[in-house]
Amino acid sequence: QVQLVESGGGLVQAGGSLRLSCAASGRTFSYYGMGWFRQAPGKEREFVAQISWSDGSTYYADSVKGRFTISRDNAKNTLYLQMNSLKPEDTAVYYCAVRIGSNLYSSGSYGYWGQGTQVTVSS
C-alpha cells in the first residue's frame, strides 16, 4: 500500500549539512505518522526523529536535538530530514518509515521501510 524512497545522502565534512528526502506513494495519512531511523555498522537501528499527522508533533533523539529537523510536505507526499552541524558519529544508513504502532520510539512500531540512504561524515 505504501512505498518509500529515500534520497539526499552523501559524503560531507564535519560541521556540514545535508537534507534527506523520502518520497512516498500510497496513503501515508492512514497511519499515525512518519519517522527517520539510522543504522551504523555493528549497531542496532536507532530512532532519530518522528512527526505525527494528528497534531504535527515532532520528537527527536537526544543525540540530534537542536541539529536535525523533521518536516513533511503534504502536497508532495514527501518527508524531509534537515541535518545541520553534522558529526562523524552521525555516519549511518538513514531510513524513513511509516508509523503503524503506538510507540513512536520503537522500530517495531514502523512499517513500509524505505531502502535507505548512506550518510557519511568525515572529520
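Applying the criterion of at least 1 residues that are within 16 Å of VAL2 (Cβ to Cβ) and hydrophobic (A, V, I, L, M, F, W, C) to the strands (runs of 3 or more DSSP E) found wholly in the stretch 20-123 leaves 33-39, 46-52, 78-83, 92-99. Residue count for the stretch 35-49 under the criterion of being surrounded by fewer than 16 Cβ atoms within 10 Å (Cβ to Cβ), over 17 Å from PHE68 (Cα atoms) and not small (Gly, Ala, Ser): the result is 3. Candidates in the stretch 41-75 are the residues that are within 20 Å of ALA23 (Cα to Cα) and of a type in the set (A, V, I, L, M); of these, the one that is modelled with the lowest pLDDT is ALA75. Within the stretch 59-76, residues that are more than 13 Å from GLU46 (Cα to Cα) have Cβ atoms under 9 Å from residues that are charged (D, E, K, R) in these pairs: ARG67/LYS87; ARG67/ASP90; PHE68/ASP90, counting only partners at least 6 apart in sequence or on another chain.
Criterion applied to TYR32, TYR80, TYR60 was being farther than 19 Å from GLN115 by Cβ and open to solvent by less than 50 Å² (accessible area, probe 1.4 Å), and the one residue passing it is TYR60. Against the definition (surrounded by fewer than 19 Cβ atoms within 10 Å (Cβ to Cβ) and under 24 Å from GLY26 (Cα atoms)), how does ASN74 come out, yes or no? So ASN74 fits the description; yes. Of the residues that make up the stretch 5-21, is at least one modelled with pLDDT under 95 and under 12 Å from TYR80 (Cα atoms)? So far as the stretch 5-21 goes, no, none of its residues is modelled with pLDDT under 95 and under 12 Å from TYR80 (Cα atoms). The set of residues in the stretch 3-19 being open to solvent by 40 Å² or more (accessible area, probe 1.4 Å) and part of a strand (DSSP E or B) consists of GLN3, VAL5, SER7, LEU11, GLN13, ARG19.
The values are calculated or read from the model by the stated rules, or taken from the named source; none is laboratory data. Computed from a predicted structure; not experimentally measured. Ideal geometry is used to build each Cβ from the backbone, glycine not excepted, and the neighbour counts take in all protein chains shown. Quick note on the areas: whole protein, heavy atoms, side chains included, nothing else; ligands and nucleic acids left out. Shrake-Rupley method; radii C 1.70, N 1.55, O 1.52, S 1.80 Å.
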